[in-house]
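Working notes, structure below.
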Amino acid sequence: MKNKIAFLLLALLMLFSCGEDSRKKHIPTEKDMSAYLMVYFKDPTHSLYMAVSPDGYTFTDVNGGEPIMRGDTIATQKGIRDPHIYRGPDGAFYLAMTDLHIFAQREGYRDTEWERPGELYSWGNNRGFVLLKSDDLINWKRANLRIDTIPGFENIGCAWAPETTYDPEEQNLMLYFTTRFGNEKNKLYYAYINNDYNQLVSEPKPLLEYPKDNNIIDADITSVNGKYHMFYVAHDDGAGIKQAISDHINREYVYDARWYDPEEKACEAPNVWKRIGEDKWILMYDCYGIDPHNFGFSETSDFVNFTNLGRFNEGAMKTTNFSSPKHGAVIHLTKHEAEKLALYWGLDMKFH
């Protein structure tokens with residue numbers, strides 16, 4: 001309670017200490033950043049978690065390893081997976097998650113393993129996403145988006161791993177994700193979404209034409225020096241991370257057969273994030289083929305040569321109060337944003 005009161009007092013002080021002109025929203029850039037925010041989920045709870053880091057190496061869960069938002073309160077299937085967070089060009093935070101609970105029968109949320117027959121729609125067979133939008137990482141507006149309501153997509157077998165980005169050519173937010181028709185192969189699609197982040201404004205289209213008849217999932221797109229680097233999961237003799245590059249965010253990606261993760265076991269959920277103030281990027285991935293599962297990390301300056309940083313608590317990357325995260329994503333925060341988030345959750349942490 002004391003933390004919540006302190007947070008409210010801080011918010012009021014900031015409001016009244018600013019004049020009308022100075023309250024005009026400043027869209028932060030990299031030079032304003034001094035911290036990192038990770039979102040992730042855990043299988044036992046199917047809920048949303050957040051962790052922060054002042055240096056991009058050591059992450060601390062903001063709520064002591066407990067969910068900040070429970071999947072059974074926001075998802076139609078009573079569980080979320082695959083959270084991804086993005087800061088839009090308007091400065092707002094966009095958080096997209098898979099609306100799916102893979103243990104819903106065991107937990108008593110439904111009578112069957114899946115919502116629909118597995119022989120017709122295969123593993124997981126959900127149909128939509130949970131979308132959240134916020135200006136402060138604390139107050140969120142939610143939408144539950146169903147892909148199967150779109151004409152021509154009524155028979156989809158899944159809607160997984162949504163991510164948000166901005167297409168400068170279309171000047172619009174773009175949502176891209178994994179889907180399939182019935183029990184066919186999983187593929188990558190994209191569509192444009194409105195600024196309220198609650199409705200698609202275009203029909204989904206294929207994002208990557210894969211040259212093999214195999215499943216591809218979990219795309220993650222990063223813009224670097226005029227090129228778009230898309231990392232994704234290919235199920236070619238096991239599951240691992242591959243990269244495709246294009247001059248355009250939504251088309252003409254060039255296939256590359258190389259594996260970009262150093263793992264011997266299966267991994268998924270690639271997410272690329274930049275080290276603040278350095279020409280270094282981290283390729284983070286979910287090593288789900290090991291027990292207990294963990295995140296792995298590789299570092300690059302040119303997207304050709306990658307240095308293996310190991311997994312959480314086995315190398316340079318550390319956690320302080322949580323373990324076994326699943327399918328995460330990382331963005332930058334300003335010092336004020338990080339301090340505000342930590343104060344709200346009662347986390348005693350310093351940011352520089």
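Among the candidates 329, 342, the residue that is outside any loop (DSSP other than H, G, I, E, B) and under 14 Å from residue 64 (Cβ atoms) is uniquely 342.
Answer with yes or no whether residue 70 is charged (D, E, K, R) and either in contact with an Asp or Glu (Cβ under 8 Å, 6 or more places away or on another chain) or farther than 26 Å from residue 172 by Cα (or both). The answer is yes for residue 70. Scoring residue 116 on the criteria (1) in a loop (DSSP other than H, G, I, E, B); (2) surrounded by 21 or more Cβ atoms within 10 Å (Cβ to Cβ) leaves a single failure, condition (2). Per the listing 228, 232, the residue uniquely touching a residue at least 40 places away in the same chain (Cβ under 8 Å) and over 29 Å from residue 351 (Cβ atoms) is 232.
Please find, among 261, 247, 196, 220, the residue that is out of contact with any Leu (no Cβ under 6 Å at 6 or more places or on another chain), of a type outside the set (S, T, N, Q), under 17 Å from residue 310 (Cβ atoms) and in contact (Cβ under 8 Å) with a residue 12 or more places away in the chain. First the steps, then the outcome.
Values: 247 fails: under 17 Å from residue 310 (Cβ atoms); 196 fails: under 17 Å from residue 310 (Cβ atoms); 220 fails: under 17 Å from residue 310 (Cβ atoms).
Unique residue meeting the criteria: 261.
Each residue in the range 329-352 was checked for being within 22 Å of residue 278 (Cα to Cα), touching a strand residue (DSSP E or B) at 6+ places or on another chain (Cβ under 7 Å) and of a type outside the set (Ser, Thr, Tyr), and 9 of them qualify.
Only one of these is in a loop (DSSP other than H, G, I, E, B) and modelled with pLDDT of 95 or more: 81, 110. Name it. Before the answer, list the steps.
Numbers: 81 fails: in a loop (DSSP other than H, G, I, E, B).
Step by step, each of 81, 110 is checked, and only 110 is in a loop (DSSP other than H, G, I, E, B) and modelled with pLDDT of 95 or more.
Please work out if residue 323 is in a loop (DSSP other than H, G, I, E, B) and over 30 Å from residue 192 (Cα atoms). It is true that residue 323 is in a loop (DSSP other than H, G, I, E, B) and over 30 Å from residue 192 (Cα atoms). Among the residues here, residue 294 does not qualify as out of contact with any Gly (no Cβ under 7 Å at 6 or more places or on another chain), surrounded by fewer than 16 Cβ atoms within 10 Å (Cβ to Cβ) and polar (S, T, N, Q).
The values are calculated or read from the model by the stated rules, or taken from the named source; none is laboratory data. No experiment lies behind these values; they were computed from the predicted model shown. Note: ideal-geometry Cβ built from the backbone for every residue, glycine included; neighbour counts use all protein chains shown.
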